[in-house]
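What follows is a single structure, written as C-alpha cells, with notes after it.
No value in this document is a laboratory result; all are computed from the given coordinates. This structure is a prediction, so every number in the text was calculated from the model and none was measured. Please note: Cβ atoms are built from the backbone with ideal geometry, for glycine as well, and neighbour counts cover all protein chains shown.
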Amino acid sequence: MKRQFRKLSHSVYECKYHGVFCPKYRHRVLTDEVAEHVRQRIYQLCRQKDQVEVLNLSIQPDHVHLVVSVPPKYAISDLMGSLKGKLALSLFRRYERFGRRNWGRHVWSRGYCVSPIGLDEARVRRYVQWQERKKREDEAMQQRLF
C-alpha cells in the first residue's frame, strides 16, 4: 500500500486498519447475492462517514476482511459496531431467512479482530534519531552564526 498522509483541520494522519468479522457460528452465509449485497453496503456505509475510505475488501463465505482508512476523529470500535449493526439490519430487511435462522436477530459474532496498519517500529526509531541529530545540527549552526 502506498503511504499517503491525510489532513483534517488540526491534524495530519495515516490511520489504516485491517478488520475481520464473522457471521454467528461462522455460518457460511456470505455467498453469491448476499456477499454482493454486503460488499455494496460496506462501501455505501463508509462513504456516508466523513473521510472513511475502504482500501481493500474481501468477503469469504464465513468472514469479511476489511482494510479501511479512518480519520482519528472516529474510534475504530464505533466504526466496526456501526458497520456490523447496519449490515445486520439491511440483511434482515432484504433476506427473511436471516431473521428466522439467527436467534435474537443476530447475524454477526459478538467480537471482531482489528489491527492497525501503520509505520513500523524500526522506521519510527530511525525518524526519532534523525530528528535528534537534526536538532543538534541546527543548534550548532545557530551558535556558529551568533
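Just rank C46, C113, fewest to most, by other beta-carbon atoms within 10 angstrom.
C113, C46
Which residue, chosen from L57, T31, L91, occupies the Cα position most advanced towards the positive end of the dipole of segment 12-117, where the dipole is computed from +1 (Lys, Arg) and -1 (Asp, Glu) charges on Cβ about the Cα centre?
Farthest towards the positive pole: L91.
Fewest to most neighbouring Cβ within 10 Å: what's the order for W108, W130?
If I rank by nearby Cβ atoms, fewest first, I get W130, W108.
Helix 76-94: angle to the longest alpha-carbon principal axis of the chain, degrees 0 to 90, nearest 10?
20 degrees
Report the full-extension gain for the segment A122 to H27: residue separation times 0.36 nm, less the Cα-Cα distance, to one decimal in nm.
Taking 0.36 nm per residue and subtracting the Cα distance, the gain is 30.2 nm.
Towards the positive end of the charge dipole of the chain, with charges on Cβ (+1 Lys, Arg; -1 Asp, Glu), say which of S115, Y127, Q143 has the farthest Cα.
The one lying farthest along the dipole's positive direction is S115.
Would you list which lysines come within 18 Å of K84, measuring only between C-alpha atoms, while excluding same-chain residues fewer than 8 positions from it?
Excluding near neighbours in sequence, the set is K24, K49.
Counting helices only, and only those DSSP H runs with n ≥ 4, report the 222 nm mean residue ellipticity of the chain as the sum of -39,500 (n - 2.57) divided by its residues, in deg cm²/dmol to the nearest 500.
-15500 deg cm²/dmol
Grab the alpha carbons of segment 12-117, take their convex hull, and tell me the volume per residue in Å³.
Per-residue hull volume (Cα only) is 90 Å³.
Which percent, to the nearest 5, of DSSP beta bridges fully inside the chain are antiparallel?
100 percent
Describe numerically, in nm with one decimal, the distance between label points set 7 Å from Cα along Cα→Cβ at Y74 and at S11.
Once both label points are built, they end up 1.3 nm from each other.
Between D62 and Q40, 0.36 nm times their residue separation minus their Cα-Cα distance comes to what?
That pair, D62 and Q40, stretches by 6.2 nm at full extension.
For a quick check, take a GNM of the chain with Cα springs below 10 Å and name the residue from K135, K86, K49 with the largest mean-square fluctuation.
K135
Starting with the fewest neighbours, write out L45, L145, L83 ranked by other beta-carbon atoms found within 10 Å of each beta-carbon.
Ascending number of Cβ neighbours within 10 Å: L145, L45, L83.
Sequence gap at least 6, Cα distance under 8 Å: using those rules, report the relative contact order of the chain to the nearest whole percent.
RCO, the chain: 30 percent.
Using +1 on the beta carbon of Lys and Arg, -1 on that of Asp and Glu, and nothing else charged, what's the dipole of segment 12-117 about the Cα centre, debye to 20?
500 debye
What angle do you read, to the nearest 10 degrees and between 0 and 90, between the alpha-carbon axis of helix 121-145 and the longest principal axis of the chain?
Compared with the principal axis, the helix lies near 30 degrees.
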